[in-house]
Each structure stands twice: as C-alpha cells, then as structure tokens.
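Worksheet for the structure shown next.
The values are calculated or read from the model by the stated rules, or taken from the named source; none is laboratory data. Predicted model, so just to flag it, every value in this text is computed and none were measured. Every residue, glycine as well, gets a Cβ built from its backbone with ideal geometry; the counts of neighbours run over all protein chains shown.
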Amino acid sequence: MDLGFTSEQSMFRESVRTFVGKECPPALMRELDVEGRYPTSIMSKMAGLGWYGAFTPESHGGLGLGPVHLALMIEELARFSPSIASAYYITMWGVLNINLHGSPEQKAHYLPRVAEGRQNFSFSLTEPDSGSDAAALRCRAVLEGDNWVINGQKMFCTQAGAPDNSIILCARTDANSKQGGLSMIFVPTDAPGLRMHKMSTMARRMQGTYELYFDNVRVPRASVLGEVNRGWEYIVGHLERERMCVAAGAMGHAKQVLNEIVQYVKQRKQFGRTLGDFQAIQHTIADLRVQVDCAELLTYKTAWMLEQGLPCPTEASMAKLHATETLVNCGMQGMRLLGGYGLTEEFPMARAFREGMGAVTGGGTSNIQRNIIARNVLRG
Ligand SMILES: Cc1cc2nc3c(=O)[nH]c(=O)nc-3n(C[C@H](O)[C@H](O)[C@H](O)COP(=O)(O)OP(=O)(O)OC[C@H]3O[C@@H](n4cnc5c(N)ncnc54)[C@H](O)[C@@H]3O)c2cc1C
C-alpha cells in the first residue's frame with residue numbers, strides 16, 4: 001500500500017525494520033514477555049542510534065521528526081512485540097508533552113537525558129476509583145513552601161519500574177473544580193515516600209504495570225509541567241497522541257500476526273488439503289486482511305492530521321478502537337486457525353490476544369472511544 005510516504009520516511013522505516021530484525025527477534029520478545037524483563041539493552045541501542053532524540057526539536061539537539069515518523073517507528077518496532085514499541089513511545093509521550101508545555105529549564109534538563117538513553121517516562125492518570133471517568137481523580141498535590149506534597153494512590157502505571165524513570169503524574173491541585181483542578185507533575189520514581197507494586201497483568205509484561213502509593217512525596221514547585229490547573233487541557237491533547245501511538249503498535253503487530261497465520265494455513269494439511277484451501281478459512285483470512293488494512297489507513301490518517309497540527313479527537317479514537325480490536329481479533333482467530341498450536345507460546349497468537357486486550361483497555365476502553373466518536377459525530 002502506498003500512503004505517499006516520502007523517500008526519507010521510507011528509508012527511516014527500512015532502518016527500523018532492519019534494527020527490529022536484528023535486535024528484536026521473536027524468540028527474544030517471547031523471552032522478555034515470559035520473564036517480565038524490561039528491554040534495557042535494546043533501548044540503549046536505540047538511544048545509540050539517535051532514536052530517543054528523534055522527536056526532540058532540532059533547537060534542543062534532536063532530529064525534530066513528526067507524528068508520521070513516529071507512527072512508522074512504532075509500526076515497525078511492534079512487529080514482534082507491541083510491548084517493546086510501547087516501552088519506546090511512552091517515553092516519547094514525555095518528550096512530546098515537554099516540547100509543547102515544558103519550561104526552558106525542563107527542556108534543558110530532560111530532553112538531552114532522554115536522547116542519551118538516561119531518562120524514561122511513565123504516564124499516570126488512572127486511580128482505583130477513577131478509570132474511564134479520569135477527571136474524577138483524587139490523588140492530591142498541595143503546595144507547601146517551595147514543594148508540592150503528594151498523597152494518594154494510582155493504578156496501572158505502565159513501566160513505572162523502568163530505569164531512570166520519572167512519572168508524569170496527573171494530580172488534583174484544586175479540589176473545587178473537576179477538570180479545572182488538575183495538573184501534570186514530574187515525580188522521579190526514587191522520590192522518598194513513593195512505593196510501587198508490580199501488578200500481575202496479561203499484557204505489557206516486559207514493561208510491567210504498577211500500583212503507586214504516594215505518602216507525603218515532596219517534589220520541587222518547578223516540577224509542574226506547563227501551568228498549574230491546566231492539566232486536563234494537556235491530558236486531552238496528550239490522549240490524541242497516545243491513541244495514535246497505541247493504534248500504530250496494535251496495527252504493526254496485527255500485520256505480522258496475519259502474515260504468520262497466512263504462512264501457517266498455506267502449509268498445514270488436513271484431509272489431504274492445505275487449510276487455506278477450505279473456503280471457511282479463506283473467508284476468515286479475507287476479513288482479517290480488511291480489518292488490518294483499515295487499521296493502517298485510520299492510523300496514518302490520524303498521524304497525518306497530527307503532523308498538520310489539525311485537531312483529530314474523532315480520528316484518534318477511531319484508529320485506536322479499530323486497530324486494537326483488530327489485534328485482539330487476529331490473536332483470537334489465529335488461535336482458532338492454528339488449532340492446538342495456536343495456544344502454545346511458540347506462536348504469537350495467544351500473546352497477540354493478551355497484548356491486544358491491554359491495548360483495548362489502556363488509553364481509554366473501546367466503549368469510551370465509541371462515546372467520543374458518537375459525541376463528535378452527533379455534534380456535527
Ligand atoms: C495493560 C494496561 C496498561 C495500562 N497503562 C496505564 C498507564 O500507563 N497509565 C494510566 O494512567 N492508566 C493505565 N491503564 C489503565 C486504563 O487506562 C484503565 O484501565 C481504563 O481507562 C479503564 O478504566 P478502569 O479499569 O477503571 O475501568 P472502568 O472505568 O471501571 O470501566 C469498566 C467497564 O465499564 C465500561 N464503561 C465505563 N464507563 C462507561 C461509559 N460511560 N459508557 C460505556 N461504558 C463504560 C468500560 O468500557 C469498561 O468496559 C492501563 C491498563 C491496562 C490494562
């Protein structure tokens with residue numbers, strides 16, 4: 001499919017594809033998932049290639065690339081594991097938020113460290129009593145002298161345990177306003193009073209997903225990203241970028257899973273014929289191909305709109321909804337089409353289903369994406 005990428009974008013994609021073939025082979029991706037091990041050495045190699053500075057502006061020593069490059073990078077990285085792509089893009093979310101809202105001091109502090117592979121980020125919004133209704137969060141940050149003092153609990157913070165990590169915490173800084181009382185605050189994971197507990201989840205195992213407990217955690221006043229109490233506005237913009245990234249990862253992995261299903265049904269014989277000779281199986285393959293191609297179109301449409309600086313809440317939600325449900329479906333159909341072998345870890349079907357469900361849920365569930373799409377469509 002030619003989506004009109006420039007030759008430079010195609011070369012960029014090719015270099016990521018080559019890297020993934022060499023450094024992120026399927027057996028290693030499986031091992032990191034089974035062992036729940038963060039891919040530190042792969043991330044260091046990516047930093048060595050300058051890819052952690054790819055989305056930092058040239059004025060701060062980066063490559064200044066845009067959302068289409070980001071989508072290409074994620075699609076290719078996710079080929080054998082959406083989790084390795086997510087380990088990269090969650091840190092990039094930090095960079096993009098800093099580019100947009102960071103103070104000169106925050107840019108000077110964080111951006112070079114990210115580019116050198118010495119800084120990761122996590123994004124923490126969800127709490128025990130606020131998931132889909134994210135703005136109802138209660139984790140409290142109160143200004144005392146020159147410090148924010150933070151108390152509360154967070155849930156499902158992906159890769160909080162990554163090396164050299166800072167959490168971008170969404171906290172309540174004004175108790176009298178729901179959306180208007182939120183701020184984003186950098187909290188290093190070694191801050192005294194912060195306790196983290198790794199959760200047992202079926203997705204994102206190589207990064208780990210964490211519960212966080214804040215007990216009088218103190219960070220300097222200057223740790224707020226952008227302006228105090230404008231956090232919700234920043235979160236809404238962040239979620240458009242987040243959903244495009246999640247869609248790109250799900251789509252990149254779904255493409256590979258479909259390739260493997262096709263190879264399998266072309267060689268597996270039952271009743272003296274290959275599985276691919278049975279019409280029932282051909283129809284499943286046809287449906288999956290349509291779904292994967294639609295995921296690709298929706299993802300790159302969203303990336304293109306982000307690149308143009310156009311608002312794209314509906315497109316980002318459509319891409320995220322469709323691409324993540326497609327990955328779940330590829331995993332599920334793959335498990336059926338490969339029979340018993342589809343349920344073994346030797347093939348990527350079961351993991352695709354697990355990771356797909358993680359992608360369906362994180363960044364707002366499919367129902368929440370439908371709510372956003374419907375609201376915007378009905379508004380006209
Ligand atoms: C693997 C993984 C990684 C994650 N990583 C992060 C992270 O890094 N940072 C972070 O902040 N969060 C993260 N999350 C949390 C995720 O964003 C939330 O789980 C998600 O937003 C749903 O919230 P909830 O689990 O509280 O479910 P709830 O909000 O309780 O929803 C439960 C069900 O009700 C449905 N529902 C709720 N409200 C409505 C409605 N208005 N209309 C229709 N249906 C509705 C939902 O669709 C869902 O099916 C992660 C989750 C997972 C599984």
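The table below gives the values:
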quantity	calculated
Top-ranked residue of the stretch 239-276 - restricted to ones that are more than 26 Å from Ala71 (Cα to Cα) and touching a Lys or Arg at 6+ places or on another chain (Cβ under 9 Å), ranked as surrounded by the most Cβ atoms within 10 Å (Cβ to Cβ)	Leu275
Test: residue in the stretch 99-115 that is within 23 Å of Lys320 (Cα to Cα) and either more than 13 Å from the ligand (Cβ to nearest atom) or not assigned by TED's automatic domain parsing to the domain that holds Ser317 (or both)	yes
Residue, surrounded by the fewest Cβ atoms within 10 Å (Cβ to Cβ), within the stretch 144-159, restricted to residues that are part of a strand (DSSP E or B) and either more than 16 Å from the ligand (Cβ to nearest atom) or small (Gly, Ala, Ser) (or both)	Glu144
Subset of the stretch 346-380 that is among the β-branched types (Val, Ile, Thr) and more than 15 Å from Arg204 (Cβ to Cβ) - its residue that is farthest from the chain's Cα centre (by Cα)	Val377
Matching residues, the stretch 38-78, being of a type in the set (Asp, Glu) and under 16 Å from the mean Cα position of the chain (by Cα)	Glu75, Glu76
Residue that is nearest to Pro192 (Cα to Cα), among those in the stretch 217-262 that are hydrophobic (A, V, I, L, M, F, W, C) and part of a strand (DSSP E or B)	Val217
Ser183 vs. criteria more than 18 Å from the chain's Cα centre (by Cα), within 16 Å of the ligand (Cβ to nearest atom), closer than 25 Å to Pro57 by Cβ and among the hydroxyl-bearing types (Ser, Thr, Tyr)	yes
Subset of the stretch 160-176 that is part of a strand (DSSP E or B) and closer than 18 Å to Val114 by Cβ - its residue that is farthest from the ligand (Cβ to nearest atom)	Ser166
Whichever residue in the stretch 311-345 is of a type in the set (Asp, Glu) and either touching a residue at least 40 places away in the same chain (Cβ under 8 Å) or at positive phi (or both) and, among such residues, is surrounded by the most Cβ atoms within 10 Å (Cβ to Cβ)	Glu325
Residue in the stretch 119-140 that is farthest from Thr189 (Cα to Cα), counting only those that are within 11 Å of the ligand (Cβ to nearest atom) and assigned to a strand (DSSP E or B)	Ser130
Subset of the stretch 200-234 (residues that are among the aliphatic types (A, V, I, L, M), over 22 Å from Asp174 (Cβ atoms) and within 11 Å of the ligand (Cβ to nearest atom))	Met202, Ala203
The stretch 189-216, residues that are outside any loop (DSSP other than H, G, I, E, B) and not hydroxyl-bearing (Ser, Thr, Tyr)	Leu194, Arg195, Met196, His197, Lys198, Glu211, Leu212, Phe214, Asp215, Asn216
